Structures are given as structure tokens and as C-alpha cells.
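A.B. asks: Dumping the structure here so I can ask a few things about it.
The values are calculated or read from the model by the stated rules, or taken from the named source; none is laboratory data. Every value quoted in this text rests on a predicted model; they were computed, and no experiment measured them. Here the Cβ positions follow ideal geometry from the backbone for every residue, glycine too, while neighbour counts run over all protein chains shown.
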Amino acid sequence: MKSIYLVFLFFIGIQLQAQSIKNFSLKDTQNSTKSFDELKGEKLTVIDFWATWCKPCLKSIPAINTIYEQYKDKGVSFISINCDGPRSIAKAGPMSQSLKIQYPVLLDIDSTVKTQLNLSAFPTLIIVNAKGKIVWFHEGFISGDEKEIIAQIEKYSNEK
Amino acid sequence: MKNRIISFAVLMLFLCCTTRGFAQFYGSNLLETQYGKLPSDAINFGTAYDRALLGYTYNRFTAGVTLEQYYTRYEERNYTKITQYSLKYNSDILDVSLGNFNETIGRGILLRSFEIPGAILEDQGYRSRNYFFRDVQGISAKLKLKDFTTKVIWGKPLNNVFPPNQDNSVRRIDEIKAIYSDYTFKKQTLGASFLSLNNDKGNSNYTMLSLSGVISPKINYYTEIANDIDNASSHAYYGNINFTFANIGITAEVKDYNNFLLGSGFNEVPALIKEHSYRLLNRSTHVVQPINESGYQIEAYYTFPDASVLTVNNAISKNALNKDFIFQEYFAEYSFSTASHHDFKLFVDYAEDPFKDQSNRISSGIYVDWKTSEKSSLRTEYEFQHFNRGGINVQNQVLTLGYAFKSKWIFSLVSELSNDPFLTDKTWKTWFGSNLKYQINNENSLQLFAGQRRGGPACNAGICYEVLDYKGVELRWTTRF
């Protein structure tokens, strides 16, 4: 048990800094490779990580679509990253089109980006600022969360 | 071990303090404590599991380490182990990984690594607990050019049946060498792979060819075939074609596997069975048998103008073992919202599962999120299942009542009921449990479970595993930075 406490002491000793995102490249549903650098927004980039088997993810998508419409011309880019594994990746394209996702849908079948960002739940939505720092991180989705997402986009898109 | 941890912590703190500004630390920690017992335990007892993941990024380099610990009153189950370590280099054209990494070849037919977020695995035999993942320990390099990708892998995949308190020579008995290349032209990708496996049973060699692409913006496909070079009867074929027309999406998949469980099981052929999020259906899933399985799955989605969604699915799987077992499932789900923003989900499912000796299995349910205010909702969920096993009618039911305030507070009461003679010799068996999740802030969350948890098969992110029955209290603290 002592070693657990040591780990806690270690955590307390760390000065916290916002995590950064590294450039990544993934294929989209049309078999074209897209990179984060190509898709990122002038002010902010909103990235939604989802899977076809995740019910809260599917519930969040229409809400994010609405937010996208509101901010797409305001320097805020949106990226959808599907994290289905081999079992269900085939459904990602048809489902994203059926749900009319308006922004690029990338396929992270190898969990490359998910692992890089150490994600532990679906859906996870992150907001990345122009410097590549992850300024907001949100797990799960229930009704009302869309207001919080908008509030955070407003807050960080006005930040100098 | 203690000295190693202290040295490591001091080193990391030193790096953190001296390199601030142009390098970065990140990490997460999951601590779960339990007090309770499995049905087979004589007494209640406490356990503590911790997983600390620490990463350090400097320019194009990333170093990472995962420390897992488990402690109970039973010494033989306990451990403190560095279960993963890695050094990675990433650039626009080259990725190199040393240590532990995740890699999948094709649709997992030759190699499938995974990590199930938040899942802690406990095995009835070893009774130790560990994070649920399957990685490879070794070296991988990936060259990424505009239309051409190639990756080479050498390493030892994890057999996660064995917990970290077992020796690495037991947990990683397979050694693989693999190369995968693909070339993309006119939105079509042609891939080829070769994998060589060495273990105590000798050497085996496998090849795989894949072809995927876009026929039109509305139609795309993926096919792959893999064979054992030395055994013509061992093969795995998988293919899918997807259509989208306005609000309709259709996915059709076929499979044919024979004698294609590689090594200790480091590959994962696609199951082509719907992964349900509903409790009873998730538990009733058909687990793919790579020894012999063929079949198909078709799924269609239709999004109505009012944003309601209809999903239908049909899957057939045939296992030709000592006799033919044909699993079939028909599923339909409709989800919609009312004008007052209450969310409804209704489903019905019919299945025949001779592998489990379940016939006429009918499942249905209704999930409702009743919006009570801008920021809160009440949840009611009910599922019912009936099937016949050997002339005996079996029923399972689940009732859940919940309340959510934003994503900050989520509370639920779960009750399950079953008269399955495999589980009870009485008329009915019940399970009552409660869950509370409190999202303290962006970085920290607490989850509390108290009561009884019904075990059984569970599938998450395409991976199926066994959850054990549990009675007691469980507290989980997750933090990230």
C-alpha cells in the first residue's frame, strides 16, 4: 500500500500544465488522409471522439451539428474522430452520413489519437486552442451539455 | 520495488521542473477500492487497485510508463508492476515505437491490440485485478508517404488472461514479426501483410491481402483475405460494402473463418454481430469462434427529418463444429425526442442461439430520459428478455431509475431479476445496485457503486470478456493532468 501513497505524493508534486495535441493523420470515410494541421481552426478546434456502439455519442452528434452551424464561420473548426475498432468500423461511414455529420469524420481504428490523448471514455469532446493546447475536456453527454460546450467555445474563442 | 518507484518519481519531477516551457508532462491515474465479495468468497474483504500512466513529451519524442498495483489481504494476488513503458518518435513521415505499443493489422485478422477505457479485469482463477488491454512489447516502425504506407513490427503480444503478478514469460509467450504495406491510388487502397509467429508450438507464417476504397461518394467497401501458408485449411475472409443514400445508411458484411485463432489469441477476427449497449442484449451476445464461423451482418439506419433514428440489424453466424450451430438475430431500435425534449429509445430483438441452447429469445425494452429542467433529467430504463432452454422458460428483467444534473452528478438505481436455473435454484433471483458519479472538475471524477452487480459476458469496443458477480461497495477516483 505504501507505494500507492508514493504515487499520490508524486502526483501532488507535479505542476499541472494543459496537455498539447500533436499533429496526426487519419483516413476519412472517403479513404482520403487528413491531418490535424489541415483541419484545425484559426481560433479553436473542437474534436468529438465517438463510437457507433456508444449511445450517448449518438445522442450528442445532432447537438454538435447544431453548434457547428453556429460557429463554422467564426474561426472554430470541428473534427469528428470515430474510434470504432475492427468489429464495428464498417458502420462508421454510413452512420455518420445518416446522422448528417457536417464536419470531417476521421477513422481512428488503431486508437492512435485516442491513446496519444489518453482518453478513457466515450464520448469525449476536447477544445484545442490556436497554440495546440487542450483547453477543455469533457466526458459523456447528457441533455444540457450543449450549453456548456457553447459556453466554453465562447470563453476560449475570445481569449487572447 | 519501492526504491525504483522513488527514483522514477524523483527523475520525473526533475524533468518536469527543469524543462517546463518546451516539454510537457501528462498523465492519468485510476484508483479503485472495493469492500465486498464474490459469491464464492467466504468473507468480505478490501482491495485497492491503482493504475498511474505518466507521459512526457519533448518535441517529436514521447516517453511513457504505466504503473499498476493491486493489494488485498491475499498476498499471492498482490503486485506492483510497471506494466507498460514506451519511447516513441513521431514525425509526418515516420513513427517509431520502442517498448509497449498498440498495433492492428487489417481488421484485426492477423493482429489486434486494444485498450478498453476504464475496464478493470478480474479473473475467477487468479482473482487479481488489472487494466484490460492487449498490447505488443517490442519495436514498430511506420513509414508514411503520400500514397504509400509500410510498417514493420517485432514483438510479443500480451495474453491478458494472465494478470501482472505472473511472469512476463507466461504473459507473452508469442513472438511475432510482421510487415504491412499499402498503396493508395484513385481512392482505392491495396494492402499486403506477412506475419511470422514463433512460440513453444513452433513457427507459423501467415499472409494477408486487402483491398478497400470508395466506388462513389455513396458506396465504399473493404475486403481482406488471410491464410496460413503452411495449412491450406486455415483462412479468414472478411468483406463489407457500405451504402449511403440521403438519410439512409446501409452496412453489409460477410465473414468466413476456419482455424484462425493465432497463437495465444492475439488476433481478433471481426464478429459481425451487433454490439448492444442494452444490458440484457450485451450479455446475450454471440462470441465469435475463429475456429470455424461463417455468416453475414446487415445493418441499416434511417434518420427521419425530425432527427429520430430507426436502426435495423440482421446477423447470421454458422459454426460448423461437431454439428452446425446457427446463431441468428433480428434487431430493431427507434429513438426519438418529443417536443418537450424527452428522449425515448425503444428496441425489440429476436434471436436463436443454439450455442447457448437458447431458442425463441425475445428481448425488448424502453429507455426514457425525462427532461426535468435545462440542466437535469430523470432516467427510466426497462428491459425484458424471455427464452427457452431445454424446455424451460427463462426470464430476465432490468429496471433502472436514474437522475442526472448536467454531466456533474449522475445517480442510478439498478435492479435485475432472473429465474434462470443456471443462476438460481429458487424461483427468482434479484440484484440491487446503486451508482453515483460526481464529476468534480475537468480533471477529476468520483464513481461510487454499492450493492450487487450481476456478472456475465460483456462486450465493449468490440472485445468480449467476463464480468464477475459482486456484492459490496466500490469507489473509483479518476484523475488526469
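A.B. asks: Do you know which of the residues in the range B:187-201 that are within 14 Å of chain A (Cβ to nearest Cβ) and more than 26 Å from the chain's Cα centre (by Cα) is farthest from B:Ile215 (Cα to Cα)?
C.D. replies: B:Leu190
A.B. asks: Looking at B:Ile248, B:Ile241, B:Ile215, B:Ile153, which is the one that is surrounded by fewer than 19 Cβ atoms within 10 Å (Cβ to Cβ) and either farther than 30 Å from B:Ile326 by Cα or more than 14 Å from chain A (Cβ to nearest Cβ) (or both)?
C.D. replies: B:Ile215
A.B. asks: May I pose another question? Is it the case that B:Thr311 is over 18 Å from B:Pro457 (Cβ atoms) and β-branched (Val, Ile, Thr)?
C.D. replies: yes
A.B. asks: Now for a different question. Restricting to the range A:56-87, give me the number of residues that are more than 15 Å from the chain's Cα centre (by Cα) and closer than 15 Å to A:Val128 by Cβ.
C.D. replies: 2
A.B. asks: Go through (1) facing chain B (nearest Cβ under 7 Å); (2) at positive phi for A:Gly132 and report which single condition fails.
C.D. replies: All conditions are met except number (1).
A.B. asks: What residue, among those in the range B:299-333 that are within 23 Å of the chain's Cα centre (by Cα) and among the acidic types (Asp, Glu), is farthest from B:Leu272 (Cα to Cα)?
C.D. replies: B:Glu333
A.B. asks: Condition check: of a type in the set (S, T, N, Q) and within 14 Å of another protein chain (Cβ to nearest Cβ). Does B:Asn444 satisfy that?
C.D. replies: It is true that B:Asn444 is of a type in the set (S, T, N, Q) and within 14 Å of another protein chain (Cβ to nearest Cβ).
A.B. asks: Given the criteria among the polar types (S, T, N, Q), assigned to a strand (DSSP E or B) and modelled with pLDDT of 95 or more, does B:Ser233 qualify?
C.D. replies: no
A.B. asks: Confirm whether B:Ala226 is under 22 Å from the mean Cα position of the chain (by Cα), assigned to a strand (DSSP E or B) and farther than 23 Å from A:Asp28 by Cα.
C.D. replies: When the stated conditions are applied, B:Ala226 does not pass them.
A.B. asks: Still on this model: Quickly run through the range B:363-395 and pick out the residues that are surrounded by fewer than 16 Cβ atoms within 10 Å (Cβ to Cβ), within 13 Å of another protein chain (Cβ to nearest Cβ) and touching a Phe, Trp or Tyr at 6+ places or on another chain (Cβ under 7 Å).
C.D. replies: Hit for the range B:363-395 is B:Leu378, nothing else.
A.B. asks: Search the range B:218-238 for residues being more than 18 Å from A:Ser88 (Cβ to Cβ) and of a type in the set (Ser, Thr, Tyr), and hand back the single one that is farthest from the other protein chains (Cβ to nearest Cβ).
C.D. replies: Per the criteria, the residue is B:Ser233.
A.B. asks: Anything in the range A:125-134 that is part of a strand (DSSP E or B) and surrounded by fewer than 18 Cβ atoms within 10 Å (Cβ to Cβ)? List them, or say none.
C.D. replies: Listed by number, the list holds a single entry, A:Lys133.
A.B. asks: Would you check if B:Ile116 is among the hydrophobic types (A, V, I, L, M, F, W, C), within 23 Å of the chain's Cα centre (by Cα) and at pLDDT below 90?
C.D. replies: yes
A.B. asks: Condition first: closer than 16 Å to B:Phe101 by Cα and either among the basic types (Lys, Arg) or without any contact (Cβ under 8 Å) to a residue 12 or more places away in the chain (or both). Now tell me which residues in the range B:138-167 satisfy that.
C.D. replies: Scanning the range B:138-167 gives B:Lys142, B:Lys151, B:Lys156.
A.B. asks: Do we have B:Ser233 as buried (at least 16 other Cβ atoms within 10 Å of the Cβ), in contact with a strand residue (DSSP E or B) (Cβ under 8 Å, 6 or more places away or on another chain) and either free of Cβ contacts under 8 Å to residues at least 24 places away in the same chain or assigned by TED's automatic domain parsing to the domain that holds B:Asn159 (or both) here?
C.D. replies: For B:Ser233, the condition - buried (at least 16 other Cβ atoms within 10 Å of the Cβ), in contact with a strand residue (DSSP E or B) (Cβ under 8 Å, 6 or more places away or on another chain) and either free of Cβ contacts under 8 Å to residues at least 24 places away in the same chain or assigned by TED's automatic domain parsing to the domain that holds B:Asn159 (or both) - is not met.
A.B. asks: From B:Val414, B:Val398, which residue is assigned by TED's automatic domain parsing to the domain that holds B:Val473, surrounded by 16 or more Cβ atoms within 10 Å (Cβ to Cβ), under 24 Å from the mean Cα position of the chain (by Cα) and in contact (Cβ under 8 Å) with a residue 60 or more places away in the chain?
C.D. replies: B:Val398
A.B. asks: Further, regarding this structure: Do we find that A:Asp84 is within 11 Å of another protein chain (Cβ to nearest Cβ) and in a loop (DSSP other than H, G, I, E, B) in this structure?
C.D. replies: So A:Asp84 fits the description; yes.
Okay, residues lined up against (1) more than 12 Å from the chain's Cα centre (by Cα); (2) closer than 30 Å to B:Val65 by Cβ; (3) assigned to a helix (DSSP H, G or I):
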| residue | (1), (2), (3) |
| --- | --- |
| A:Asp110 | yes, yes, no |
| A:Ala151 | yes, no, yes |
| A:Lys155 | yes, no, yes |
| A:Glu159 | yes, no, no |
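A.B. asks: Would you check which residues across the range B:325-371 are farther than 23 Å from B:Gly390 by Cα and of a type in the set (Phe, Trp, Tyr) and list them?
C.D. replies: Scanning the range B:325-371 gives B:Phe331, B:Tyr334, B:Phe336, B:Phe344, B:Phe347, B:Tyr367, B:Trp370.
A.B. asks: If you check A:Phe141, A:Phe122, which single one turns out to be at the interface with chain B (Cβ under 8 Å from one of its Cβ atoms), buried (at least 21 other Cβ atoms within 10 Å of the Cβ), assigned to a loop (DSSP other than H, G, I, E, B) and over 12 Å from the mean Cα position of the chain (by Cα)?
C.D. replies: A:Phe141
A.B. asks: Residues of the range B:436-458 being closer than 22 Å to A:Leu119 by Cβ, touching a strand residue (DSSP E or B) at 6+ places or on another chain (Cβ under 8 Å) and not aromatic (Phe, Trp, Tyr), which ones?
C.D. replies: Of everything in the range B:436-458, those that are closer than 22 Å to A:Leu119 by Cβ, touching a strand residue (DSSP E or B) at 6+ places or on another chain (Cβ under 8 Å) and not aromatic (Phe, Trp, Tyr) turn out to be B:Lys437, B:Gln439, B:Ile440, B:Asn442, B:Glu443, B:Asn444, B:Ser445, B:Leu446, B:Gln447, B:Ala458.
A.B. asks: Additional query: What number of residues in the range B:256-288 are in a strand (DSSP E or B) and either under 14 Å from the mean Cα position of the chain (by Cα) or surrounded by fewer than 24 Cβ atoms within 10 Å (Cβ to Cβ) (or both)?
C.D. replies: 2
A.B. asks: Any idea which of (1) within 14 Å of chain A (Cβ to nearest Cβ); (2) surrounded by fewer than 17 Cβ atoms within 10 Å (Cβ to Cβ); (3) charged (D, E, K, R) is the one B:Asp167 doesn't satisfy?
C.D. replies: Only one criterion in (1) within 14 Å of chain A (Cβ to nearest Cβ); (2) surrounded by fewer than 17 Cβ atoms within 10 Å (Cβ to Cβ); (3) charged (D, E, K, R) is unmet by B:Asp167, namely (1).
A.B. asks: Filter the range A:144-155 for residues that are touching a residue at least 40 places away in the same chain (Cβ under 8 Å), buried (at least 19 other Cβ atoms within 10 Å of the Cβ) and either within 11 Å of chain B (Cβ to nearest Cβ) or of a type outside the set (A, V, I, L, M) (or both) and give the result.
C.D. replies: A:Asp145, A:Ile149 - these are the residues of the range A:144-155 that are touching a residue at least 40 places away in the same chain (Cβ under 8 Å), buried (at least 19 other Cβ atoms within 10 Å of the Cβ) and either within 11 Å of chain B (Cβ to nearest Cβ) or of a type outside the set (A, V, I, L, M) (or both).
A.B. asks: Inside the range B:430-481, counting only strands (runs of 3 or more DSSP E) that do not spill past its ends, which hold 3 or more residues that are touching a Pro at 6+ places or on another chain (Cβ under 8 Å), modelled with pLDDT under 95 and buried (at least 18 other Cβ atoms within 10 Å of the Cβ)?
C.D. replies: Correct list: empty, since no element meets the threshold.
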